[in-house]
Structures are given as structure tokens and as C-alpha cells.
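J.: Dropping a structure here in C-alpha cells format, bear with me for questions.
Computed from the coordinates by the stated procedures, all read-outs in this text should not be read as laboratory data. Here the structure is a predicted model, which is why all the values come from computation and not from measurement. Cβ coordinates were reconstructed from backbone atoms using ideal geometry, including for glycine residues, and neighbour counts include every protein chain displayed.
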Amino acid sequence: MSETKKAKTKLTCFYCGNEYVETNYYNSNSEFYSSIGKIPYCKTCIEKLYQYYLKKYIDEGSLIPEKKAVKRLCMALDVYYREDVFDSAFNKI
């Protein structure tokens, strides 16, 4: 019995406009993205957005710019944010 390869779905990144296979996107349970089940920004662009917010909060003199950048990015992408989870992860690095 041979397995047939499943065709990989390509999605277009809302930020850069490039098409990538769906493995280049994070899964999402958000109602906003329920039709595709993925955050419609590729992983590379999410990193660019994080770096943008990080620089912004560093320039503003924030005491913990990483936390503010992650919190803002979670809001923008409709990802649940919990401060205690962030603090636990941040303290391990």
C-alpha cells in the first residue's frame, strides 16, 4: 500500500506578500484566522515585527522592552498573553 503525498498548501504573508508553504506560519486558534488555522504572517515577518517593537520600546527607555514587545505583538496577532508565562520563560534565558 503506497502513501500519496499530500499537496502542501501555500499561504500569502500579510506583511511581505510572499507565498510560503503553511509550515512557515504559526498555528492559530483565533476566530479571526479560523478559515486558515494559521496566523497570516510568516515566521520571518513575525520576527521582524518583534524586532520593530523591541527597538521602539528600547528607544522609549522601557525597563523591560522584551516584555512590552511580546505583549504588543500578541495583541496585534490575537495571541493569548499571560504575564506569568512570559516571566517564567524570560527568567530561564
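J.: Can you give the angle from 0 to 90° between the axis of helix 43-59 and the longest principal axis of the chain, with both taken from C-alpha atoms, to the nearest 10?
T.: Taking the Cα atoms of the chain, the angle to 43-59 is about 10 degrees.
J.: I would also like to ask the following. Would you calculate, for the chain, the mean residue ellipticity at 222 nm contributed by helices, counting each DSSP H stretch of 4 or more residues as -39,500 (n - 2.57) and dividing by all residues, to the nearest 500?
T.: Values: 3 runs with 39 residues, N = 93.
Mean residue ellipticity, 222 nm, calculated: -13500 deg cm²/dmol.
J.: Positive end of the charge dipole of the chain (Lys, Arg +1 and Asp, Glu -1 on Cβ, about the Cα centre): tell me which of TYR52, VAL21, VAL79 has its Cα farthest that way.
T.: VAL21
J.: Turning to a different aspect of this structure: To the nearest 20 Debye, how big is the dipole of the range 1-86 about its Cα centre, given +1 on the beta carbon of each Lys and Arg and -1 on that of each Asp and Glu?
T.: Numbers: 14 positive and 11 negative charges, 39 e Å.
In debye, rounded to 20, the range 1-86 gives about 180.
J.: Considering all projection directions equally, how large on average is the shadow of the alpha-carbon convex hull of the chain, in square nanometres? Could the numbers behind the result be given before it?
T.: Numbers: hull surface 34.3 nm².
Hull-based average projected area comes out at 8.6 nm².
J.: Give the angle, between 0 and 90 degrees and rounded to the nearest 10, that separates the Cα long axis of helix 65-77 from the longest principal axis of the Cα atoms of the chain.
T.: Value to nearest ten degrees: 40.
J.: Can you pull the one-decimal nm distance between simple spin-label points at ILE36 and THR12, each 7 Å off the Cα toward Cβ?
T.: It works out to 1.0 nm between the two label points.
J.: Give me the distance in nm between label points sitting 7 Å out from Cα along the Cα-to-Cβ direction at LEU63 and THR44, one decimal.
T.: Inter-label distance under the simple model: 3.8 nm.
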